[in-house]
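Notes for the one structure printed next.
The values are calculated or read from the model by the stated rules, or taken from the named source; none is laboratory data. All figures in this text were calculated on a predicted structure; none of them were measured in a lab. All Cβ positions, glycine included, derive from the backbone under ideal geometry; neighbour counts span all protein chains shown. Note: areas computed on protein heavy atoms with side chains; ligands, DNA, RNA excluded. Shrake-Rupley method; radii C 1.70, N 1.55, O 1.52, S 1.80 Å.
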Amino acid sequence: MRTTSSNFTTYGIPTFLLLLLLLMTLFFHNPKNHHCIGVAAFSTPFPSRHAESSLQRKEATPYDNPYLFQAYNESMTEVLSFFRIMQKNDKPCDLEVAKRYLFTPRRLINPHDSSCLTEKDDFHKYITVKKEHFLNTFGMENHQLSLVLRSLSYLGDYCARKRISAPLHVAWDKMKECGSRPRENALSTYLYIFSSFPLEIGSEGDITETTTGSGSTTISTTTAGYNPKDVSGEVAFYHDMIYKPTENTVSIRIKSLVEQGCTEEAEELLWKLESEVTQTTATGAQSGKQKSSKRDGSGGDCHLLRLRTCLPVLKSYCQQDGDISQGLRLFHKMMSAPSVHLESETYVLVLSSLARRGHFRQDSEPIENIQDLGYSETRGASLFDAIANEMAKDVLEITSASAKDLRNALVAGYAAAPLHKMAVRNLSEVPYDCDMTPW
């Protein structure tokens with residue numbers, strides 16, 4: 001009840017008590033007043049939900065899914081109980097500060113999109129600024145942050161043993177938030193888990209986790225807009241910005257960009273990384289430092305341009321709504337690259353894509369800029385013969401599934417033109433369960 005009869009009370013509370021509460025609040029919320037004396041009350045508290053005007057989340061996070069944080073919380077508790085987190089110079093109060101952050105059930109500072117940073121120097125500056133901002137904001141010391149990173153790294157090992165990925169979605173968000181530079185083996189572990197045991201979003205928004213090589217379990221029915229598929233690409237990006245890119249990380253980044261509909265950006269990234277690796281290799285060879293390595297099987301060949309890294313981009317171009325002209329240009333680059341070994345399915349992919357669009361009909365529209373690739377014909381059966389002759393130099397036979405796909409593509413391409421409907425009236429697509437293996 002509000003009291004108006006005295007100048008020394010406000011809403012029934014003595015004024016001196018209000019002043020005392022205000023002073024205590026200012027003291028305990030000052031990062032400089034963090035003292036390592038073994039008393040939990042003196043650890044720097046983090047901002048409350050109601051004081052987060054500058055910390056509002058602008059995107060969906062793994063915290064939005066109750067199951068993901070619960071899985072992280074339980075797994076991190078196990079890690080802190082059974083793994084040796086503290087080292088010789090660490091104190092119990094340091095671990096308490098690390099725990100306070102590790103078990104915070106929300107993102108505390110605004111994220112900044114680092115994917116637009118294409119140069120390593122810019123990325124390292126970004127990480128340095130982010131780390132300083134994190135340490136200054138929450139009054140954490142470097143050695144306390146080391147405990148946080150060690151715990152998150154051990155969590156990766158724990159999840160690898162358990163063959164689960166759900167806890168690492170929150171863990172990875174925390175790694176990014178504190179501006180860390182995880183060790184390469186920690187990033188490799190996270191990448192392995194996210195790639196081997198992914199979370200999938202169903203048509204009704206349910207999340208399914210693959211827990212074994214052949215089984216999966218529905219673990220949650222609310223995604224709240226968080227897309228777990230984006231995480232693998234982020235981890236691979238961080239790896240390549242901090243360490244030397246590998247065929248595996250580049251392949252994951254390319255696939256992630258293609259899934260986001262950024263096919264041209266994916267191809268640009270591929271050529272950029274390949275150019276950087278080629279320049280590094282040439283520089284090393286000139287200085288006499290570049291040697292072949294039989295141990296890793298590379299034999300000195302460190303090209304990132306492989307069928308595995310190129311194929312997601314080529315498949316995207318060859319889709320019905322893709323840019324087939326760009327696809328043919330990439331296809332020819334792949335054929336001329338010594339590090340790319342094409343398979344029969346790759347040739348059939350290109351042939352089927354052209355056939356389905358009707359480009360092997362004589363009345364079809366000519367393919368743009370195809371003559372720049374060395375083809376004398378821009379459409380029709382002659383174009384099919386030219387590509388088939390190129391295929392014959394690399395492969396001796398194609399599979400039954402490839403033959404079926406190519407035949408059905410030709411039928412679809414001819415059936416789409418009114419002038420050819422009579423010519424293909426007795427043809428129909430081969431059923432999916434029909435075996436076209438020659439006797």
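Report the residue count in the stretch 63-81 for those that are at pLDDT 90 or above and either outside any helix (DSSP H, G or I) or not hydroxyl-bearing (S, T, Y) (or both).
10
Of everything in the stretch 227-241 that's open to solvent by 30 Å² or more (accessible area, probe 1.4 Å) and part of a helix (DSSP H, G or I), which residue is nearest to L304 (Cα to Cα)?
E234
Residues in the stretch 340-381 that are closer than 16 Å to Q326 by Cβ and of a type in the set (G, A, S): how many?
Of the residues in the stretch 340-381, 1 are closer than 16 Å to Q326 by Cβ and of a type in the set (G, A, S).
Taking only the stretch 331-353 into account, find how many residues are open to solvent by less than 70 Å² (accessible area, probe 1.4 Å) and either under 23 Å from the mean Cα position of the chain (by Cα) or among the small types (G, A, S) (or both).
Residues meeting the conditions: 5.
Looking only at the stretch 122-161, which residues are open to solvent by less than 50 Å² (accessible area, probe 1.4 Å), under 23 Å from the mean Cα position of the chain (by Cα) and not hydroxyl-bearing (S, T, Y)?
F123, I127, K130, V148, L149, R150, L152, L155, G156, C159, A160, listed by residue number.
Could you list, in sequence order, all residues of the stretch 85-121 that are in a helix (DSSP H, G or I) and either open to solvent by 40 Å² or more (accessible area, probe 1.4 Å) or in contact with a His (Cβ under 6 Å, 6 or more places away or on another chain) (or both)?
Residues satisfying the conditions are P92, E96, K99, R100, K120, D121.
Taking the stretch 242-261, which residues are in a helix (DSSP H, G or I) and either in contact (Cβ under 8 Å) with a residue 40 or more places away in the chain or touching a Lys or Arg at 6+ places or on another chain (Cβ under 6 Å) (or both)?
Start the filter on the stretch 242-261 by keeping residues that are in a helix (DSSP H, G or I), which leaves 242, 247-259.
The answer is I242, E247, N248, T249, V250, S251, I252, I254, K255, V258.
Can you give me the number of residues within the stretch 352-393 that are part of a helix (DSSP H, G or I), of a type in the set (D, E, K, R) and farther than 12 Å from L410 by Cβ?
3
Given the condition closer than 15 Å to V231 by Cα and at pLDDT 95 or above, answer yes or no: does some residue in the stretch 139-153 qualify?
No, there is no match, as no residue in the stretch 139-153 is closer than 15 Å to V231 by Cα and at pLDDT 95 or above.
Starting from residues that are surrounded by fewer than 18 Cβ atoms within 10 Å (Cβ to Cβ) and touching a Phe, Trp or Tyr at 6+ places or on another chain (Cβ under 7 Å), keep the ones in the stretch 67-84 and report whichever is nearest to Y226 (Cα to Cα).
Only one residue tops the list, namely N73.
As an exercise: evaluate E267 against (1) open to solvent by 50 Å² or more (accessible area, probe 1.4 Å); (2) modelled with pLDDT of 90 or more and give the number of the one condition it does not meet.
(1)
Could you tell me which of the residues Q326, Q320, Q371 is closer than 19 Å to L406 by Cβ and open to solvent by 10 Å² or more (accessible area, probe 1.4 Å)?
On the way: Q326 fails: closer than 19 Å to L406 by Cβ; Q371 fails: closer than 19 Å to L406 by Cβ.
Answer to the check: Q320.
Could you look through the stretch 374-399, keep only residues that are of a type outside the set (A, V, I, L, M, F, W, C) and under 34 Å from the mean Cα position of the chain (by Cα), and pick out the one that is least open to solvent (accessible area, probe 1.4 Å)?
Restricting to residues being of a type outside the set (A, V, I, L, M, F, W, C) and under 34 Å from the mean Cα position of the chain (by Cα), the top hit is T399.
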